[in-house]
1. Roughly what would the spin-label model give for Thr100 and Asp82, points 7 Å off Cα along C-beta, in nm?
2. Work out how much length Glu322 to Lys93 would gain on full extension: take 0.36 nm times their residue separation and subtract the Cα-Cα distance, in nm to one decimal.
3. For the residue pair Ile310 and Asp261, what label-to-label distance in nm results when each label sits 7 Å from Cα along the Cα-to-beta-carbon direction?
4. Measuring from label point to label point, each 7 Å out along Cα→Cβ, what is the Asp59 to Ala176 span in nm?
5. First compute the accessible area of the stretch 158-277 with a 1.4 Å probe, then give the percent of it belonging to carbon and sulfur atoms.
6. So with the 1.4 Å probe, I'd like the accessible area per residue for the stretch 164-254, rounded to whole Å².
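The values are calculated or read from the model by the stated rules, or taken from the named source; none is laboratory data. Not measured: the values here are computed from a predicted model. Every residue, glycine among them, receives a Cβ derived from its backbone with ideal geometry; neighbour counts consider all protein chains shown. All accessible areas refer to the heavy atoms of the entire protein, side chains included, with ligands and DNA or RNA removed. Shrake-Rupley method; radii C 1.70, N 1.55, O 1.52, S 1.80 Å.
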Amino acid sequence: MDDELLELQRQFEFAQQAKSSIRLSDRNVIELVQKLQQLQVIDFELLHTASGKEYITLDQLRNEMVTEVKRLGRISVIDLADVTGVDLYYVEKLAQSIITDHGELMLTQGEIVTESYWDSIAEEINERLQECSQIALTELAAQLNVGLDLIASVLEPRLGTIVKGRLEGGQLYTPAYVARVSAMVRGAARGITVPTNLTVLWSSLQNLLQEMDGASGVAVDGSFFQSLFNGLVRGEISGSVRAGVHWTPAVFAVAQKESVDSFFSQNSFISYDILQKLGIPQPVQFLQVTNPRYPEGKPLVTTFVHPSMIEMLDAATEDALERGS
């Protein structure tokens, strides 16, 4: 029995080492595969490569695509078709399925990109930002060959973590630069004592920054000044904003009210012309609604009068009539 086993083993080894004298042509292999598919021995879809000399399954194509995307971080669907050697139609068809199954991948503008790729890009942007204080999103979008909305959506969740900066008006700023400009806005706002159009103020600050920084000056958008100003109005500066750009400092409002109070108290009347010269566009509303000290006042055509003045005039008129003077 042992001898028979040894003989079979020897024959098997000989058969393994022997070279086959029968070789199948490519056409024979194709026909054989087609026959196996007809018999449902091969019950899964097979794809031809672009060369026509290889078969690949959908699962294998998917694995190769995912491997290549994760290796490079960012690759176009067209390049994936070249790398895998499969027709672009099938690569595009699988691309969306891969994005659905892998949450760390995204498909944009015909490219598949990983989250790790955007993390590395964000780190590079942060290094550059710390060197130059400011970067425009249009510049980054052009360098990366992506849309403005995409680069903004990628950076926003990474602000304060990977990217140490602030995104405002299509520009990235460092915290130090934000603090510097914020101090300028605060000082300028506190120095204003009369109603001012903020756009004029922002233009002045832009010119000042350019003079201070010279050729390397940072181009600051007016919306950035406005955003900083809106934050300061809530606590560090006092006043009111009308129509978003018309700033009335609290000190002016106080002086305005005191001036009206003083004149009205001394004369028992005040003309609308005086109020308009003080920067009050709606005199009657200011006297009867905004300022509750004059609820009993009488709004005439050109003048706001205290009832005591009317009584005095009535008495003088009656006296003049009685005297015939």
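1. The modelled label-to-label distance comes out at 2.9 nm.
2. On the way: separation 229, 0.36 × 229 = 82.44 nm, distance 10.48 nm.
Fully extending the segment from Glu322 to Lys93 adds 72.0 nm.
3. 2.5 nm
4. Modelled inter-label distance: 5.6 nm.
5. Numbers: 3270 of 6100 Å².
After summing per-atom areas, the C and S share lands at 54 percent.
6. With all protein chains present, the stretch 164-254 gives 49 Å² per residue.
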